[in-house]
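So the structure is just underneath, and the comments pick up after that.
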Amino acid sequence: MELLLQKVGEDVLPGVVIICGGSFRRGKASCGDLDIIITHPDGKSHRGFLSKYVKRLKDMKFLREDLVFSAHGKEGTNHGVDTYFGLCTYPGRELRHRIDFKVFPRDIYAFGLIAWTGNDVLNRRLRLLAESKGFRLDDTGLFPATHSSGGKWGTRASASLKFETEKEVFDFLGFPWLEPHERNL
């Protein structure tokens with residue numbers, strides 16, 4: 001599956017990075033859905049990729065139904081993350097499976113990998129740890145948080161801290177590094 005998705009991605013945009021995340025990346029024996037995390041190393045070619053990629057996968061009859069398609073383009077909302085949720089079929093089969101694509105700009109890709117690899121228990125622990133240190137963590141970054149009038153952590157600041165890798169995020173938070181297969185907490 002990952003090879004098929006990578007090959008089609010390379011046909012659409014040479015150099016694109018496509019990772020099957022979620023339970024697949026964590027090495028689980030079965031996967032309820034497929035979480036696909038995408039970027040391009042140059043930091044800009046990912047823009048507009050998702051619509052071409054989805055079209056190509058539909059033409060191949062791999063993608064069968066759309067659930068959500070949200071392209072934020074160059075300067076849109078959600079830090080330029082494009083999203084597609086749909087249903088796919090494995091080649092030669094009719095049973096449909098949920099598939100989610102998230103296309104991240106290169107500068108926030110590490111956060112997308114962490115969030116979309118999971119698991120949910122680890123993500124919650126990392127968010128709480130970040131909050132205890134005065135930050136807000138989500139799939140688009142690690143942001144200094146502001147205090148609300150009641151003394152609680154409020155909204156996040158607009159600019160995220162920059163990290164190239166998942167390990168750098170773990171290290172900054174002081175959380176022991178876990179390889180993806182170790183994240184089934």
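Here are the numbers for this structure:
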read-out	value
Residue order, fewest to most surrounding Cβ atoms within 10 angstrom, among 12, 169	12, 169
Cα-centred dipole magnitude for the chain, charges only on beta-carbon of K, R (+1) and D, E (-1), debye, nearest 20	260
Pairs from 102/162; 58/167; 102/167; 133/162; 61/102 whose Cα-Cα separation, in the structure shown, is over 28 Å	58/167
Distance histogram in 5 Å bins (all Cα pairs of the chain, percent per bin)	1, 8, 16, 19, 19, 16, 11, 6, 3, 1, 0, 0
For residue 119, residues with placed amide H under 5 Å, excluding near neighbours	185
Estimated inter-spin distance, residue 106 and residue 89, nm [label 7 Å along Cα→Cβ]	3.8
Volume per residue of the C-alpha convex hull in the range 2-109, rounded to whole Å³	99
Amide H contacts of residue 21 (H built 1.01 Å from N, under 5 Å, at least 5 apart or other chain)	35, 36, 37
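Read-outs throughout are calculated quantities, based only on the coordinates presented, and are distinct from any laboratory measurement. The model shown is predicted, which means the values in this text are computed figures rather than measured ones. Virtual Cβ from ideal backbone geometry, glycine too; neighbours counted across all protein chains shown.
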